[in-house]
1. Might you let me know whether the stretch 59-67 holds any residue that is of a type outside the set (A, V, I, L, M) and part of a helix (DSSP H, G or I)?
2. Condition (residue is open to solvent by 20 Å² or more (accessible area, probe 1.4 Å) and in contact with a Gly (Cβ under 9 Å, 6 or more places away or on another chain)) applied to the stretch 142-150: is it met by at least one residue?
3. Does K15 meet the test of being part of a helix (DSSP H, G or I) and open to solvent by 30 Å² or more (accessible area, probe 1.4 Å)?
4. Looking at L73 and the list (1) open to solvent by less than 80 Å² (accessible area, probe 1.4 Å); (2) in a loop (DSSP other than H, G, I, E, B); (3) more than 29 Å from A193 (Cα to Cα), which single condition is not satisfied?
5. Looking at (1) farther than 30 Å from L113 by Cα; (2) buried (at least 19 other Cβ atoms within 10 Å of the Cβ); (3) of a type in the set (V, I, T), find the lone condition where T188 falls short.
6. Which residue out of K31, K5 is without any contact (Cβ under 8 Å) to a residue 40 or more places away in the chain, on the phi < 0 side of the Ramachandran plot and open to solvent by 80 Å² or more (accessible area, probe 1.4 Å)?
7. Yes or no: the stretch 163-177 includes at least one residue that is at pLDDT below 95, more than 30 Å from A115 (Cα to Cα) and not in a helix (DSSP H, G or I).
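The values are calculated or read from the model by the stated rules, or taken from the named source; none is laboratory data. If you're wondering where the values come from, they're calculated on a predicted model, not measured in any experiment. No Cβ is skipped: glycine too gets one built from the backbone with ideal geometry, and neighbour counts run over all protein chains shown. We work out accessible area using only protein heavy atoms, side chains counted, and drop any ligands, DNA or RNA first. Shrake-Rupley method; radii C 1.70, N 1.55, O 1.52, S 1.80 Å.
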Amino acid sequence: MDKDKVLQETEKMVKTALIDEKSGHDWLHIKRVKGTAIEIAQKEGADVFVVTLAALLHDLADEKIVESEEKALSEIRDFLLELGVDGEDIEHILTIITTMSFKGGNNRPVESLEAQVVQDADRLDAIGAIGIARCFTYSGKVGQPIYNPDLGVRDQMTIEEYRNNKSSAINHFYEKLLKLKDLMNTETAKELAASRHDFMEKFLEQFYQETREQRP
């Protein structure tokens, strides 16, 4: 197996699939997550090949993008098999993809170092300046308002409640984004998350000042 060729072909396939995605889970998101994941993997001693593949593929089976997660995972498995990726690596990658999502805080903890690295990289892209931009992009895509003071912040949600109940972009900060700093797995990610978290806090402070609304 030529690992460089596998990565090149995977990158080409993912870019084609997500280049026009409008939910904030587009190709440029994947590209950022891949770069951050490689950086963390190198510092933490993780398998860079597995980490890179999982980072590239992680949104192709996301329920926010695909209708059938099961079908998408099967297609990913077949794609990697055709490229000659080792079966053990394939199962590792699929496990990473299926366990790394936040899902309202309901998903089971990731287990391997590689899974921790990819999850951290993905979560880092959900906070800070780019995280704020993606939050409002996704809220607009699914028809949620910027802010609605009549919608309380949700807590202790099921996956279905997290996905389907009414919320707002600003509430999403409290329901997910502000929690992510303390959910980072690796020391490298914890260091990277600190300044991004502080940026979001400053943004919210300015938001409530301009709207004259009371922060929860």
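1. As a first pass, look at the stretch 59-67 and keep what is of a type outside the set (A, V, I, L, M): 59, 62-64, 67.
Narrowing further to those that are part of a helix (DSSP H, G or I): none.
No, the stretch 59-67 contains no residue that is of a type outside the set (A, V, I, L, M) and part of a helix (DSSP H, G or I).
2. Just the residues of the stretch 142-150 that are open to solvent by 20 Å² or more (accessible area, probe 1.4 Å), to begin with: 142-150.
Going one step further and asking which of them are in contact with a Gly (Cβ under 9 Å, 6 or more places away or on another chain), we end up with 146.
Yes.
3. On the way: part of a helix (DSSP H, G or I): yes; open to solvent by 30 Å² or more (accessible area, probe 1.4 Å): yes.
Considered against the rule, which asks whether it is part of a helix (DSSP H, G or I) and open to solvent by 30 Å² or more (accessible area, probe 1.4 Å), K15 comes out as yes.
4. Unmet condition: (2).
5. So T188 meets the others, but not (1).
6. Numbers: K5 fails: without any contact (Cβ under 8 Å) to a residue 40 or more places away in the chain.
After applying the criteria, what remains is K31.
7. Yes, there is a match, as at least one residue in the stretch 163-177 is at pLDDT below 95, more than 30 Å from A115 (Cα to Cα) and not in a helix (DSSP H, G or I).
Residue-wise test of (1) open to solvent by 30 Å² or more (accessible area, probe 1.4 Å); (2) more than 29 Å from K190 (Cα to Cα); (3) in contact (Cβ under 8 Å) with a residue 24 or more places away in the chain.
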position	(1), (2), (3)
S23	no, no, yes
D47	yes, no, yes
E82	yes, yes, no
G87	yes, yes, no
